[in-house]
Each structure stands twice: as C-alpha cells, then as structure tokens.
4 protein chains.
Amino acid sequence: MEDRWREGDAGILKRPGSPPLLVRIARGVQSVGEEGAIDLSGEIDQPVGRSITWSGTSYLLFRPSLGDLLASVRRGAQIVTAKDAVHLLYLAGVGPGATVAEAGAGSGALTVAIAFSVGPQGHVTSFDRRKDFLAAARANVERAGLSDRVTFRERDVATEGIDLTGLTSVVLDLAEPWNVLTSAREALAPGGFVGTYTPTYNQLERTVRALRSLGFGEVRALEVLERGLHVGEGGTRPEFEMLGHTGFLASGRKGS
Amino acid sequence: MEDRWREGDAGILKRPGSPPLLVRIARGVQSVGEEGAIDLSGEIDQPVGRSITWSGTSYLLFRPSLGDLLASVRRGAQIVTAKDAVHLLYLAGVGPGATVAEAGAGSGALTVAIAFSVGPQGHVTSFDRRKDFLAAARANVERAGLSDRVTFRERDVATEGIDLTGLTSVVLDLAEPWNVLTSAREALAPGGFVGTYTPTYNQLERTVRALRSLGFGEVRALEVLERGLHVGEGGTRPEFEMLGHTGFLASGRKGS
Amino acid sequence: MEDRWREGDAGILKRPGSPPLLVRIARGVQSVGEEGAIDLSGEIDQPVGRSITWSGTSYLLFRPSLGDLLASVRRGAQIVTAKDAVHLLYLAGVGPGATVAEAGAGSGALTVAIAFSVGPQGHVTSFDRRKDFLAAARANVERAGLSDRVTFRERDVATEGIDLTGLTSVVLDLAEPWNVLTSAREALAPGGFVGTYTPTYNQLERTVRALRSLGFGEVRALEVLERGLHVGEGGTRPEFEMLGHTGFLASGRKGS
Amino acid sequence: MEDRWREGDAGILKRPGSPPLLVRIARGVQSVGEEGAIDLSGEIDQPVGRSITWSGTSYLLFRPSLGDLLASVRRGAQIVTAKDAVHLLYLAGVGPGATVAEAGAGSGALTVAIAFSVGPQGHVTSFDRRKDFLAAARANVERAGLSDRVTFRERDVATEGIDLTGLTSVVLDLAEPWNVLTSAREALAPGGFVGTYTPTYNQLERTVRALRSLGFGEVRALEVLERGLHVGEGGTRPEFEMLGHTGFLASGRKGS
C-alpha cells in the first residue's frame, strides 16, 4: 500500500548537505526555517518521498523520523535528550496503541516523543500547571503533525492528581515526581508503568523510595550515557565532547 | 474504547513478587514457564487487565511491554540489550507504521523489538541465511504475538541483496554490514535510514567509511552505556555491576 | 649507581607466564605463595634484577611495582582499587617526601600505596580504632617491605582527632569523613590537602558540604572509571566486564 | 625534621579565592603570573609554609603539589590530563627512585609528572627529535623546580633507539609507539615496564599486538574516565561537562 501525504502531516524537506527542514503538508504558503516560503498544497494525496523543486533547487520531501521531530522542537528550557527519551519510553512501557499521561508538558519535546511512539491508535494527555509551557508544547506538537494524538490540560497533578484511569503509562518530568506517584498508580491499568526523569541523585533516591513504599513492582533506576565515535583520517576514537550527565531515569509497575 | 483480548495476542500473567510469565490468549491448554499449564480460552474477547485465578492464586493478565517481550526471548546466542535495541531503532527511524528490513534474524530479539515498535500498521521482513536461526527467531516472534507483522526469509543479503523497495529502515546486526549497504540504499525510500550494530571498533570504522563513500547522509556512530543505580539503606550509589561494552551503533540516511 | 638489594627489601620472583610472587630479601627460609619455600639470604647486597634458579626453574628477582604490592595485599574486606588509589593520592597531594596521616588503616592497601609513593624520605601515620584492622594492615605493609615508613596507631580520629601537625596530606577512607575534617585541617600544613574516598552520593555530598563550610579551598569531587580494552583476533573493543562503581573521591586544600 | 626552602625550589604563592601562583625560591626579582613581580630571596633557608606579604596582601608560600605543577605547564599543544598521567605512571611502574626514559618530551607535562613522582633519588631522560619541543619542555621542567632530575636529549628514538639500560620504566607519548618497543625492551631492567598513551583505537591495537609479539608480559590496555560531581543547592549530580575521551593507555613488562 503506497504511502501518501494527508493534509496536516508533517514532512521533512531535505537536500544533501543541508539540515532537514520541518514543513507541513498543508494548503497555502508557509514559511520554512529562515530560508523562505513554500506552498505544498500540491503534495496533498501525492506519494511520500517525491522530489520537489524549490527556489530552483531539488529537494526530497519525506516523512520525519523521531530524530527529525526532536531536532525541530523550539525550546524554552533544556529539553530531554533523545537517548533519555527513548529509554524512558521503553521503561514506561510506551509503544504503539498506548494511552499515556505526561506531566509536565515542558516545552513539549517529550510529548512529541511519546506522541510519535504511541502511533495513530494511541493517545497522550499532557498536563502542566503553567499556561505558557502548555502553549509552547502545543505549538511544538502541532509543528510535528501530532496534534490529533495529544490532549493538553492545565492542571497541577501534584495537588490535583491525574483524573484518568486505565492508562498504559505515566511519564513524569517533574522536580518532585514523588508527589504524583499515588495518583499515577490509580491512573494506571494493571501492568502499567510509571517512568520518571530527574537530574539529581537526591530526587532519584526519593523517587525510588516512594515507588517501593507505594507498592510498585519491578522498580528500576539507571542512567543512560551516550558516547559518540569519531571516524577520521587518522583512525577511530571516542569523541572528545560528551554530555557528562543529563538525568536519572526510574520506573515502577503497577500490580507487579 | 475498551481494550479487549483477541485470539492470538500475547499476554503477561503476573503476581506480585514473581517474574512475569508470557502467555498466549488462545484456545486450549498451554504450558506456562516451568510452572504448569493454563487454559485462557475464556479470556478471548474479555477486557485486558483482569484478575485471573490459577492454581488457587490470583494473577493479573495484561498486555506485555517491550521489556516483557525481550525478557521472554529464548536465546541461542548473545542477544542485543534493550538499551541498544531502542537506541538502534531510534537511529534507524523505526516507529509506528514503518516498513523495515532486518538482517540477520539471529535469535529474533531485535525482530521482536522492531515488530513491537512498528505497530499493527508496520511490517518487518527479517532475513537470515541460516535455517536454524530463522526457526528460532520465528518461534520467538510467535511467542510475542507479533507474527502477523513479520515475514521471515532465508536469504544471504550480503551476496543476494535486499529485494525490497521503499523501506523506512534497514537494520543490520551482521558481522560485515558494509557488504549490505549498497543494497540497503536501494531498498530504502528517500529519507530512510540504515542502522547497524557491531561489537568491534574495526567493524564500526569500516561501516562508517562505507556509509560515507556510498553517499549516505547524517552519518552517526556512537555507543550507549547503561549504568544502574542502587538505592539502599545506606544511601544511593551506582551499581557495582555494569556491562562494560555491548556494541557500537552506526546509522546513515538515504538522500540526505 | 647500581641498584642492590638490602636486607628487608621486598622483591618479586617471576617467570614468564606465572603470576608475580612477592618475597623478602631476608636471611633464612621463607614460604612463597603456595608454591614452596626459598632462602634468599644470598641475594643481600647483590644487584637487583638477577636470574635465580629455584626448584630447577629460572626466575627473575626484581623490585616490586606499586601494582605488584597492591596485588599482594591480603584482604579482609573490599580494598581500594589501583585507579582510585593513584587518583586519590594525586588529589591529596601525596608524593615523594610527603608526611601523611591516613584513617582508617583498613586492610592496609591504601597504606601500602601511600607508603610506596612518599618514598624513603616520606612518612605515613595510619590510624584505626580497631586492633584487628591495624594488625592486618601492619602485616601487609611489612610484606611490602615498607614498614620503616609507616607508624600504626590505635585511635578513633573521629572522636579523638589527629594529634599531628604540619602534614602534607590527610587521606580518609572512612564511612563518615566529615567528622574528621576539622581535625584534619588543624593537622595539615598550609597548602596541604585532605582526600576522601566514600561509596555513596550521600556521603560525598555531606563531605563536600563540610569541606566548604570548614573553609577548605580548591574543593573537588569526582569519580574515576576504568574501562579495559580487549585486543583480540577479530578486532578491538572495550572489555565486556567492568566495575560499574567503586567510590567517589573528594578533596580540599588548607589555606587556599 | 623541619621542611625548609632551598634555593631553586618551586613554590606556590596562594591567597584564598585566587588561583595558585607558581614561583621560584630564588635570588632577585621574578615576575609572577600577570600580576607583578616579587623578590623571594629572603625565603631561602626559611621554613616552608609561612605567610608572606606581597603588594599589601597576605599570601601563603608552600610546596607545589603535582596538580599545581601540571596546572602551571605552558602548553604548545594538547597536554596529557592528570587522570591519564597518574594512571600511566602507575602502569609504567614509575615511583620514587625510578629511572625512566620518556619520548617524546612534548610540552613537558608528562616529564614534570614523572620527575615529580621519581623523587630526588630518581631520574628521567626525556627524548624528542624536535628542538622546539625540547626547549619548551625544559622551560616547563625548570619552572617546576625539577631540572636536576631530568636530562633532555635531542634524538629520534624511533630510528635511533634508546641508548640506555637498566631502566625502571619507559614512557611513550608518541604517534607510533610500536616503533620504539624493541628498543624499549632492551633499555629496561628485568621487571621494568613500558607504558604508552595514544588517542585512537587503531594505535592502541597496533601497540598491544606489538607488545605481545615482542614478548612483553602482563600486557594491559585501558582507558580512564573522570566524571566530576556537582554538589549544589538543589542536590548532587554528575557534572554536565565531561571529557568524552583523551587517550588509551597500554603497558607491558619485560621478563614477565
């Protein structure tokens, strides 16, 4: 079955040697990066992966990868790295068809990763108590073409709880995730996972102790380090530059 | 929309403090781990997440996470770790709806991870030149309830190539991935990725040089390290045990 | 100036392919490992590095490296690894001629490393509140031929303090090093360093906060990871086995 | 025995909150950092560790640690980090009293570390084929007050060999250390070690293979990673900044 563009899809416009440009398959003229404007109306219902001529140059137009989407997130603050996002989603049991609650929305980078991974049959509810974060996250999710899978809600889950049930996963990128764990447990379906991301060992320690005392099973705590490799003329070696730390991940399972 | 079991689904049978047991929602009696036998006919069309009484003990029956599925893979040889699997799938652009070719099938652990991640709309074609590996991989994919998304084929892609086109991703877990890169490029759709997993720096170096010389873009090479954290009575520290190495990952993109 | 054995020196007896055997250049018969007995009286005043015939086999007899000495320590408990010992000595400013206080003595592994590094002009005072640890440490230091540089003292420095002054370095391998830092500062000469080794984040945090509040300068906190490399037939890769964690190091300087 | 300054010693001038300043205990006025000039003639034969008034401010004057000396090295090129220097010296069996050959001299950072560690009874011969490197290294060793332990020689050890014998250690910081290993083996005393430092996997692999084929024993290959820890208001975590790679270390032992 041939893959064709639908109106509202996100696409990547790319020519060799240039960075990928995130676009929308939409009617009318849109601005693209800092490079100009384009009208992709004609691509609606056309096959994905065609060559496009724009400003006299040939571009390919294809579906974005998760990496493309994360690279396109406009960030207010620090956003979660891809290595942490994919591992956190793994720990939290997020996959195609999952129903997920996330708090906080932050700049929406993690929201984009979850929305990508749950696929068209899944759904994400993203909570934040701050209107400005919700607006930023919503804009980033829209640019990623994933709005139909995400509900944004202004709510402080630490005090008001998560008023959902039967969830596959609860993903917490909050300073004090332990305040949300009781509520997360109630919101999860049996076998569901909560996954947390916190920068300090103090937060991690408190989170893990809370997971255990609340009866979560399969409690895990870890960090993921990514080390780049440089293949050059003189040989191969690890990259000199490396992120020494991003955050610690923890997870626990309901009814387990 | 309530989540209900369909015949053929994989499920997890779990009671607190015991390891998860992988079962099939199927008609008739099946053996479960080394613990006995069970008939789950009655669960077909029932809601997911119910409590089951088996041998006088109460169990929960819920959908497996990717972690459950990887833990249930029966292995002939070393299998890829979860940290590498999820990061390799990220690099290779695998997500819901993707069409993926994989070689070799090995014991099927990576096949299971890909099949899980592409969801019901995606598809995996898994190649191996060895009949015994294909049989083992097929059995593991069947146990994971993911057979309808996977085609197994006996074929040496190093010499015979990948006779598919328009793929989202090509994932190579082979000793000499460079032999397959020309064929992988032809099989990929524009914007598609090849991702490789190899244990030695020598293999990584040769793979990266081949990716570049064949015109792949966005070439990346890295390794992922996972460091467990121990939260104990006396405080928190990294775990003493750690895998010092598993493999190096590389990726490149077609038309980029 | 030719290097000659003096009575009481430690030596290494070695033949290719066998592990190094720690011996004493001493009068009379001594037992060597589990391999038998030897009389090295004849080596006193002879040049270092000669070939020796023992039980019909040719051995070399040479001076031990620090690695030989650490490998020969008989351990009651976990001992500090070489990577941590050499880095801790660096942070604590230990070098030839240094005068060092150490607490606790433990099994004496760190004592041996310090005594080796301060050379014949330096001195180590090693405190422990437990007689059994002092006895074990003394035996290990004697076997290393370094007794003339070490004074062992039964004393609980956490409650009784370090009754020395003008020290180059204070090295603390204790569960609660913060209890000794005030006393360590008084014992140090201007410009002297205290260095600590502790397993958990919690201990490290408390140590660093105490160093700062007590006015130590140049406060550092870090960990050292050693990753082995395997050069085999099939290529080169990091070793699969690795210590995921040993301990955290911290240091501070007096009058700085 | 009180520690007193001797003419020619290196000292550290320090006040709280300012970086350490490397000075010479010498007759006449010397420039200090970019901060001015000082005459320390009066300190000769005085006790180490006294308080000095300079430009109306009180300073302490004490002996430099190895860390002080490495921090004071004026560098033409990249210099070896402290973590690698101390571990390489450990692997190469360098300690008080050792006689060591080093090649190349480079900027002299490693020379300083070796000269510090061998103490007043040891000696270092540092080879380089380039006059400019030798001049830079000599200047750095002089500033460290360690000139009396170091001989600099213009010589290409790869082609001309190391014309010394009975050495404790040979330390190689060269692009092609394998060219010097035969010569290093001849120069070493029985039980002596060669230690190498190289940036790439390819160099490491070739070095290890050469060590083995030349009959060196106890061959080791590893890398050392240092991860800083941040103790802040909000808690404790690894530092975000980290050197992802510096170099690989290898070592082998003669007659072993």
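Please enumerate the residues belonging to the stretch A:49-64 that are small (Gly, Ala, Ser) and in contact (Cβ under 8 Å) with a residue 24 or more places away in the chain.
A:Gly49, A:Ser58
If we keep just the residues of the stretch A:170-184 that are within 23 Å of A:Gly122 (Cα to Cα) and among the β-branched types (Val, Ile, Thr), which is farthest from the chain's Cα centre (by Cα)?
Only one residue tops the list, namely A:Val180.
Give me a count of the residues in the stretch A:222-256 that are more than 7 Å from every other protein chain (Cβ to nearest Cβ) and within 22 Å of D:Glu223 (Cα to Cα). If you could, list the steps in order and put the result at the bottom.
We begin by selecting, within the stretch A:222-256, every residue more than 7 Å from every other protein chain (Cβ to nearest Cβ); these are A:230, A:232-233, A:246-247, A:249-254.
Narrowing further to those that are within 22 Å of D:Glu223 (Cα to Cα): A:230, A:232-233.
Qualifying residue count for the region: 3.
Do you know which residues across the stretch A:222-256 are of a type in the set (Val, Ile, Thr), touching a His at 6+ places or on another chain (Cβ under 8 Å) and either in contact (Cβ under 8 Å) with a residue 40 or more places away in the chain or on the phi > 0 side of the Ramachandran plot (or both)?
The one that is of a type in the set (Val, Ile, Thr), touching a His at 6+ places or on another chain (Cβ under 8 Å) and either in contact (Cβ under 8 Å) with a residue 40 or more places away in the chain or on the phi > 0 side of the Ramachandran plot (or both): A:Val224.
Just to be sure before I move on: is D:Glu160 farther than 30 Å from C:His123 by Cα and either in contact (Cβ under 8 Å) with a residue 40 or more places away in the chain or over 19 Å from the mean Cα position of the chain (by Cα) (or both) in the structure I sent?
Answer is yes for this residue.
Working only within the stretch C:199-242, note down all residues that are among the aliphatic types (A, V, I, L, M), within 22 Å of A:Leu225 (Cβ to Cβ) and in contact with an Asp or Glu (Cβ under 7 Å, 6 or more places away or on another chain).
C:Leu222, C:Val224, C:Leu229
I'd like to know if the stretch D:59-75 contains one or more residues that are closer than 24 Å to D:Glu154 by Cβ, in contact with a strand residue (DSSP E or B) (Cβ under 8 Å, 6 or more places away or on another chain), at pLDDT 95 or above and of a type in the set (Gly, Ala, Ser).
No - not one qualifying residue is present in the stretch D:59-75.
Checking the conditions here, which among D:Glu239, D:Glu176 is surrounded by fewer than 19 Cβ atoms within 10 Å (Cβ to Cβ) and under 22 Å from D:Arg155 (Cβ atoms)?
D:Glu176
For the stretch C:168-221, which positions are more than 21 Å from D:Thr236 (Cβ to Cβ), within 11 Å of another protein chain (Cβ to nearest Cβ) and either among the aliphatic types (A, V, I, L, M) or free of Cβ contacts under 8 Å to residues at least 60 places away in the same chain (or both)?
Within the stretch C:168-221, C:Leu188, C:Ala189 meet the criteria.
Would you check if there is a residue in the stretch C:73-85 being touching an Asp or Glu at 6+ places or on another chain (Cβ under 6 Å) and among the charged types (D, E, K, R)?
yes
Looking at (1) outside any strand (DSSP E or B); (2) more than 24 Å from C:Thr168 (Cβ to Cβ), can you tell me which one D:Ser31 breaks?
Answer for D:Ser31: the failing condition is (1).
Here are some conditions: (1) free of Cβ contacts under 8 Å to residues at least 12 places away in the same chain; (2) over 24 Å from A:Gly97 (Cβ atoms); (3) within 12 Å of chain A (Cβ to nearest Cβ); (4) loosely packed, with under 14 Cβ neighbours inside 10 Å. B:Glu34 meets all but one. Which one does it not meet?
Going through (1) free of Cβ contacts under 8 Å to residues at least 12 places away in the same chain; (2) over 24 Å from A:Gly97 (Cβ atoms); (3) within 12 Å of chain A (Cβ to nearest Cβ); (4) loosely packed, with under 14 Cβ neighbours inside 10 Å one by one, B:Glu34 breaks only (3).
So which residues in the stretch B:50-80 are in contact with a Leu (Cβ under 6 Å, 6 or more places away or on another chain), more than 9 Å from every other protein chain (Cβ to nearest Cβ) and of a type in the set (A, V, I, L, M, F, W, C), if there are any at all?
Correct list: B:Ile52, B:Val80.
When the residues of the stretch D:123-143 are narrowed to those that are among the small types (Gly, Ala, Ser) and under 18 Å from D:Leu172 (Cβ atoms), which ends up nearest to the other protein chains (Cβ to nearest Cβ)?
Step one: of the stretch D:123-143, the residues among the small types (Gly, Ala, Ser) are D:126, D:135-137, D:139.
Filter once more, so that each one left must be under 18 Å from D:Leu172 (Cβ atoms): D:126, D:137.
On the way: D:Ser126: 18, D:Ala137: 20 Å.
That would be D:Ser126.
Does A:Leu229 satisfy being buried (at least 18 other Cβ atoms within 10 Å of the Cβ), more than 19 Å from A:Val170 (Cα to Cα) and under 21 Å from the mean Cα position of the chain (by Cα)?
no
Tell me, which residue of the stretch A:81-120 that is in contact (Cβ under 8 Å) with a residue 60 or more places away in the chain and closer than 16 Å to A:Ala71 by Cα is farthest from the other protein chains (Cβ to nearest Cβ)?
Within the stretch A:81-120, the match that is farthest from the other protein chains (Cβ to nearest Cβ) is A:Gly106.
It is to be established whether one or more residues within the stretch D:26-37 are closer than 30 Å to C:Pro120 by Cβ and over 21 Å from the mean Cα position of the chain (by Cα). Steps first, answer last, please.
Going through the stretch D:26-37, the residues closer than 30 Å to C:Pro120 by Cβ turn out to be D:26.
If we keep only those that are over 21 Å from the mean Cα position of the chain (by Cα) as well, we get D:26.
Checked against the condition, which is being closer than 30 Å to C:Pro120 by Cβ and over 21 Å from the mean Cα position of the chain (by Cα), the stretch D:26-37 yields at least one hit.
The values are calculated or read from the model by the stated rules, or taken from the named source; none is laboratory data. Note that the structure is predicted; figures quoted are calculated from it, not measured. Cβ sites come from the backbone with ideal geometry, for glycine too, and all protein chains shown count toward neighbours.
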